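Since the structure comes first, as structure tokens, the remarks are kept for the end.
The values are calculated or read from the model by the stated rules, or taken from the named source; none is laboratory data. For clarity, every value in this text was computed on a predicted model and none was experimentally measured. Note: ideal-geometry Cβ built from the backbone for every residue, glycine included; neighbour counts use all protein chains shown.
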Amino acid sequence: MIHEAWQRLEGVDPLSGAHGGPLSRTVKLILDPLVIRPLQHPQCAGSVVGADGAVLLASLLYAAGDVLSETARWYELLKRVRRELRITDGHPQDRYFQRCFELATTGEPRDRATAEHILRALHGTAHGRTTRDLREHLADPARAARLTELIDTTWTRRERTADPDPARTAALITAVLDGAGADVAAPLAELTARRAGSATGTSLTDPDRVPPARRLGLTERPAPERPRLTASTMTFGAPLDRTVHERVFTTLRAAADRSALPPLPALVTEEITRGCAPWGLTDETLRVTAAVGERLALGLRPLGAAPGDTAAGRALNARWRREAYVLRARRMLIRPDAPAAGPDDPLHRIARELRHPWQGYLRRLWARLHGRDVRQAPVEASQELWDLLDGVARSVILDHRTRVRRALTVRMTRPDTATETDTDTDTETVNA
């Protein structure tokens, strides 16, 4: 529905992908929080929108058409001035999209001088917290040796918490998931007091764990190992395999205001502590959220028929199975010899991912929990927990929708011409 309404807007090409619809970051950073606002308009919140919701969603987009067009013009201007100033730090979509929408809304004069002032203000708050600063900080041989020694010591002395009553922990997690957004403060508080998150996180380093961390998609190794300081390239693999450099790099790229972050040396040492901790997290409420998320993720079966063993699982499975791309993937797996269903076909890759949906879900959940840990933002309320778990599922579904649309668009055009000027991806390879 968003795709169809978006294509009727004028002047929004800089916010659009090659498929003609909005970039995933356009949806995530502008449309969802600033235009559609699903909390205020619940008719537009579901993956399947009713007739009234479809009309409302389209009207919200059309009403914001002029502001979105002006947002696109601001974004083009900021990118052009960014190139002139030779600014390379940060992803322009992450750093500028919401600022451009704000500028379009307030009616700031759109000229080069204003754009330069905005860029210098945005990037001038880094104060030694740029990705280049990080690279240089870790490149110093003496400092790298000290930090590597700190990693060794921290890993050797890492927290090891055992669960004295796994059955009780499992029952409490079930109670939380059966709440599915209701008030589950009591079982949630007990899980935190019992340090259940620490215990499940500690068990991840056991290669005989059931299921092992590798099957969860959290590591490519038999079990998570001591984090490395750097690697020759950054490929952003499984969460618990990431180097300290990759983790801090991600923090810097995601920060809207780097001046609010600790100084770079503190960021690095904090990340070493975090990387050696259970779940790669330091806050117990976030570890508990990860443990609850693991149980929820393992019950996700978008290609199956079983409803799920908890209320939360049933809700997410029902929503996921209504997606058109899931129905297409199910047909693909039933008929693997179908035309254009080769192993490298994008739709076939998504179909394979849907066979193990917990992996993509847990990787995305971990990334959000890591960001909250850096910001010291615990998960304390029942609704906050559910919003986080539900939001991750929505994010995975949206990502799949976008990839399917791109794949179908590429099939209708020449494969070698279907590219995007602005790469819209969460993964990149960078020289370390």
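Computed values, structure above
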quantity	calculated
So Leu188, is it in a helix (DSSP H, G or I), surrounded by 19 or more Cβ atoms within 10 Å (Cβ to Cβ) and out of contact with any Asp or Glu (no Cβ under 9 Å at 6 or more places or on another chain)	no
Complete set of residues in segment 117-164 that are surrounded by fewer than 17 Cβ atoms within 10 Å (Cβ to Cβ), on the phi < 0 side of the Ramachandran plot, of a type outside the set (A, V, I, L, M) and in a loop (DSSP other than H, G, I, E, B)	Thr125, Asp140, Arg157, Arg158, Glu159, Arg160, Pro164
Condition check for Tyr96: at pLDDT below 95, touching a Leu at 6+ places or on another chain (Cβ under 8 Å), not small (Gly, Ala, Ser) and not assigned by the TED database to the domain that holds Pro265	yes
Ala113 modelled with pLDDT under 90 and either of a type in the set (A, V, I, L, M) or part of a helix (DSSP H, G or I) (or both)	no
Residue within segment 360-367 that is modelled with pLDDT of 85 or more and of a type in the set (Phe, Trp, Tyr) present	yes
Every pair of residues 6+ apart whose Cβ atoms lie under 7 Å, when the first sits in segment 30-46 and is of a type in the set (D, E, K, R) while the second is surrounded by 14 or more Cβ atoms within 10 Å (Cβ to Cβ)	Asp32/Pro38
Segment 291-312: number of residues that are buried (at least 19 other Cβ atoms within 10 Å of the Cβ), out of contact with any Pro (no Cβ under 9 Å at 6 or more places or on another chain) and aliphatic (A, V, I, L, M)	4
Cβ-Cβ under 6 Å pairs, at least 6 apart or on other chains, segment 304-316 side in the same structural domain as Arg355 (by the TED database), far side surrounded by fewer than 17 Cβ atoms within 10 Å (Cβ to Cβ) and in a loop (DSSP other than H, G, I, E, B)	Arg314/Pro307
Set Arg375, Arg394: member being exposed (fewer than 14 other Cβ atoms within 10 Å of the Cβ), at pLDDT 90 or above and either acidic (Asp, Glu) or not assigned by the TED database to the domain that holds Ala18 (or both)	Arg375
Selected residue (only one of Asp373, Asp399 is in a helix (DSSP H, G or I), under 20 Å from Leu191 (Cβ atoms) and not small (Gly, Ala, Ser))	Asp373
Considering residues of segment 398-417 that are among the aliphatic types (A, V, I, L, M) and surrounded by fewer than 19 Cβ atoms within 10 Å (Cβ to Cβ) only, the residue modelled with the highest pLDDT	Leu398
Spans of helices (runs of 4 or more DSSP H) in segment 1-97 with at least 2 residues of a type in the set (Lys, Arg)	65-84
Checklist (1) touching a residue at least 40 places away in the same chain (Cβ under 8 Å); (2) assigned to a helix (DSSP H, G or I); (3) not charged (D, E, K, R) applied to Ala266, failing item	(1)
Residue ID - surrounded by the fewest Cβ atoms within 10 Å (Cβ to Cβ), chosen from residues in segment 207-253 that are in a helix (DSSP H, G or I) and among the acidic types (Asp, Glu)	Asp241
Search result, residues across segment 141-171 that are aliphatic (A, V, I, L, M) and over 27 Å from the mean Cα position of the chain (by Cα)	Ala142, Ala144, Ala145, Leu147, Leu150, Ala162, Ala167, Ala171
Gly280 surrounded by fewer than 22 Cβ atoms within 10 Å (Cβ to Cβ) and either within 22 Å of Thr161 (Cβ to Cβ) or not hydrophobic (A, V, I, L, M, F, W, C) (or both)	no
Breaking point among (1) in contact (Cβ under 8 Å) with a residue 40 or more places away in the chain; (2) farther than 30 Å from Pro307 by Cα, for Gly179	(2)
Matching entry among Glu70, Glu136 (being in contact (Cβ under 8 Å) with a residue 24 or more places away in the chain and under 28 Å from the mean Cα position of the chain (by Cα))	Glu70
Criterion (touching a residue at least 40 places away in the same chain (Cβ under 8 Å), among the basic types (Lys, Arg) and farther than 19 Å from Gly360 by Cα) met by exactly one of Arg253, Arg247	Arg253
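Quick grid of which residues meet (1) farther than 22 Å from Asp387 by Cβ; (2) at pLDDT below 90:
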position: Cys44; (1), (2): no, yes
position: Leu68; (1), (2): yes, no
position: Ala72; (1), (2): yes, no
position: Thr88; (1), (2): yes, yes
position: Glu108; (1), (2): yes, yes
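Quick grid of which residues meet (1) surrounded by fewer than 19 Cβ atoms within 10 Å (Cβ to Cβ); (2) closer than 26 Å to Pro302 by Cβ; (3) modelled with pLDDT under 90:
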residue: Ile2; (1), (2), (3): no, yes, yes
residue: Ala18; (1), (2), (3): yes, no, yes
residue: Ser24; (1), (2), (3): no, yes, yes
residue: Leu31; (1), (2), (3): no, yes, no
residue: Leu34; (1), (2), (3): yes, no, no
residue: Ser47; (1), (2), (3): yes, yes, yes
residue: Ala51; (1), (2), (3): yes, yes, yes
residue: Leu57; (1), (2), (3): no, yes, yes
